[in-house]
Every structure is written in structure tokens, then in C-alpha cells.
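One structure below.
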Amino acid sequence: MSKGGNGRPVMTTILGIETSCDETAAAVVRDGRVIVSSVVASQIARHAVYGGVVPELAAREHLKAIGTVVDTALSEAEVGLDDLDGIAVTNGPGLLPALLVGVNYARGLSASSGLPLFGVNHFFAHIYGAFLDSNPEVLRRAGEYPILALVVSGGHTALLLIDASGAAKVIGTTLDDAVGEAFDKAAKLLNLGYPGGPVIERLARDGDAARFAFPRPLTGAAGKKLAAADKYNFSFSGVKTALLYHCRKHGGGEVMEGELLNDTIASYQEALIDTLGRKTFSAINDFGVKTAVVCGGVACNGALRERMTTMIPDGVELCLAPRKYCTDNAAMVAGLGCVQALANPNGDGLSIDAYARLPVISTVPFGI
Ligand code: KG4
Ligand code: ZN
């Protein structure tokens, strides 16, 4: 937080807008930490029949919802446009048709109100989300570097190393599917609906995670030599294929039920979590990490949270994103928007565009 001329902190109030996937969200956040309102309209039910998100359908649904969602966020916060210092919008990475709805809406609002416009990177917003709602003490301790962020969602699986200067490096990423996709595609195969994560987590609780051995790709677990370049990379398509063959052997995923279904799901979830854990803990060890952040939709998963909590080495601060800020929301976007507004009060201008893919990362826009 910067200081005004009289030495008092300057308040920054930002409206955040998020439409990168299947949630239409808006939030008002003050000073990067105080969530004044946060509204999320989920389209999950609309996409569930297709077993995954359909980008054009997502865009149409965003278009229908965005006006009401933004108005609700402003009215719940009891603020008008005059009370804001800027508008932050997710402009990538994500589904292009979906992103464009939020970006164009935010551009229009910025042009008509004169408020500065900030383009927010969704991936960084997920990391920032881990610090929303934190008390200042946690934030202070979390400032111990290097920070390792494990970002696990439907679109990403990556390990990012951040040092005290804000310099950042993606040390590992998925070579194929994101881990959230591994949950979603498994649920589709087993006829459990969309999204897969929550239902798999629930059914896994009643299963025996040690009954079936699913692969832990790129961990060297099966005695396969691991290339140095892949030490922190992920690959989940092989686990998914192993599940497909497992289902065929047992008469098909759609007909699986009871103990067999629960044990299958528990074993599959265990393979995913074990892989995430192994990679994360070896990076923590190799890079002398002081703070580990776990964020993104898959960070809602209780088994993953428990694994991280029980295995975090002594002396390493673990920042698990609060569950309500793990899946897509606009509070994390507005929060990061506040930080960007302090560094660049005039904003990025109306020419910001939407982009689908994660750009090369060299710095993060926050000192956490
Ligand atoms: O962050 P998010 O809302 O959207 C993206 O940016 O992708 O993450 C959505 C992903 C979905 O793949 C969903 O299955 C997964 O997060 N997810 C979970 C859980 N809740 C949501 N995965 C595992 N366990 C959960 N409880
Ligand atoms: Zn996300």
C-alpha cells in the first residue's frame, strides 16, 4: 500500500471482472485484501450435459449474465462507479470467446466512466487468491522467498518459482492435460458428470486408494529413468489412458459401481495427488523454498490439501488458497488489479486484448 502526501495510506478500490472459463464473476476489492463484494454466477449446469465447457456456449452465457453480475457486485459493495479507482478484467489466458465478453464489457465501462482499465493475468490472479482474506501476519511471513506456487486448475498445472525481486520462472508445467482435466475426463468416463473434481473427491473418501496402481508419470516411480528436463514437469494423459483400460477390463466405466467404483476413483485420485506432491516437495527441497502456495480449482480438493499440510517440511510456510478463492472468482482479479493500480495508476488503456495462452513469464506483478 502506498502513502499519500500526509503519510496516510492511499485507498484503492477496484472492480474486478472474470469470464475466462465458465464462471461469470465480479467483485469489489479494497487495497488488494478487503473483499467488499464477490459475486459468482456459475454456468456449470449448462455445460454439464456436454461433459465439459463449450467455449461458444460459455461466451453466450457470459453475455447474458455479465450486466447483472457486475451491477450486483457494485450494489452489494454499496459503491457506484464514482467510488472506484479502476476496473480490472481477466484478459488471458483462457477461452478466447469467453474472455472477449469480459474484456469488451470492461472496455465499455472504462470508456464511459473514464476509469483506468487493467488487464489481469488469470494465472497470476489464482496465485494472488491464496493471499486474499489472509491476516497481515500471514502475509508478512509469506513474504519469505523464494516462493513456490503450485497452480492446479482445469486449464493449468504448473510450478512457478518467485524470488524477492518478483522475478519468476515456470520450472514445471504439464506436457499434455492439466490435472483438473484429468479429474473432469475421468468423471466423464465414469459417467459422473461435470465438473469431475468435487464428485471424485466425495466418492474417493469411501474407497481404498491402495487397491489399484495407477501410474505416476514423470516421477521415475515405475523405475523409468526421468530426464532432468522433466523433473518438475507433469503429464496426466497416461493416467487417464490407464483408467480407460482399467474400465474396459471391468466392463466399462458407465456400468462400474459400488466398492469397485469407489476403489477405482480413490486409487486414481491418489495417483494424481501423489504426483503433484512428489514434484512439489522435490522442488521445495531443491530450491530451498521458504513459502509454498497451492491454488486453482483443484486446490479445493481435501485430500490434496491434507497431503500438502501433513508433508510440508518444517520451516516452510504453506499458503493454501481459501477454498472459496480456489475456483474461478473475480475477487482474486480485483485484488491483483489493486496491486497493478498502485504500480501503474493510469492503467493499461482501452487497447488491451484477450489472449488464450499463457505468455512467457519472467516477473510477477506483486510482491507478496
Ligand atoms: O480454477 P478453476 O475454477 O478453472 C480454471 O481456471 O480452470 O478450476 C476448475 C477445475 C475443474 O477441472 C474442476 O474439476 C477442479 O477445478 N476442481 C476440483 C475440485 N473442485 C474443483 N478438483 C479436485 N477436487 C475438487 N474438490
Ligand atoms: Zn481458473
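Each of 262, 272, 43 was scored by the projection of its Cα onto the charge dipole of the chain, and the greatest displacement toward the positive side belongs to 272; charges sit on the C-beta of Lys, Arg, Asp and Glu.
When exposed loop sites are taken as trypsin sites (Lys or Arg not before Pro) in a DSSP loop with at most 10 other Cβ atoms within 10 Å, the longest stretch of the chain clear of them is 1-224.
What do you get when you divide the Cα radius of gyration of segment 215-254 by 2.2 N^0.38 Å, with N the number of residues?
1.43
So if a site counts as exposed when it's one of the GluC sites (Glu not before Pro), its DSSP state isn't H, G, I, E or B, and it has at most 10 other Cβ atoms within 10 Å, what's the longest stretch of the chain without one? Value returned for the longest uninterrupted segment is 79-256. Here the chain carries DSSP beta bridges of which approximately 60% are antiparallel, counting only pairs with both residues inside. Using a simple spin-label model with pseudo-atoms 7 Å out from Cα toward Cβ, residue 202 and residue 113 lie 3.7 nm apart. Whole-percent P(r), the chain, all Cα pairs, 10 Å bins from 0: 5, 25, 32, 24, 11, 3, 0, 0. Cross-link reach is defined here as a Cα-Cα straight distance under 16 Å, omitting same-chain residues fewer than 8 places apart; for residue 324 the aspartates and glutamates meeting it are 18, 22, 23, 133. On full extension, the segment bounded by residue 213 and residue 68 gains 47.4 nm, given 0.36 nm per residue less the C-alpha separation. Distant-in-sequence amide contacts of residue 292, defined by a placed amide H-H separation under 5 Å and a gap of 5 or more residues or a different chain, comprise 148, 317, 318, 319. Measuring max minus min along each principal axis, the C-alpha atoms of segment 217-368 give extents of 61, 36, 29 Å (largest first).
Summing charges over all other residues whose Cβ lies under 15 Å from the Cβ of residue 171, with Lys and Arg as +1 and Asp and Glu as -1, gives +1. Between residue 44 and residue 96, the contour length at 0.36 nm per residue exceeds the alpha carbon distance by 16.9 nm.
Karplus-based coupling profile of segment 39-46, in residue order and whole Hz: 10, 10, 9, 8, 9, 3, 4, 5, with θ = phi - 60° in 6.51 cos²θ - 1.76 cosθ + 1.60 and x standing for Gly or Pro. Do any of 224/279; 169/290; 225/249 go past 20 Å between their Cα atoms, and which? Pairs exceeding 20 Å: 225/249. The slack between residue 222 and residue 167, meaning 0.36 nm per residue of separation minus the straight C-alpha distance, is 16.3 nm. Using a Gaussian network model of the chain in which every pair of alpha carbons under 10 angstrom is joined by a spring, one finds that among 69, 255, 333 the greatest mean-square fluctuation is at 255.
A short reminder: the numbers here are calculations on the coordinates, not readings from a lab. Bear in mind the structure is a predicted one, so any value in this text is a computation, not a measurement. So basically every Cβ, Gly included, is an ideal-geometry build from the backbone, and we count neighbours across all protein chains shown.
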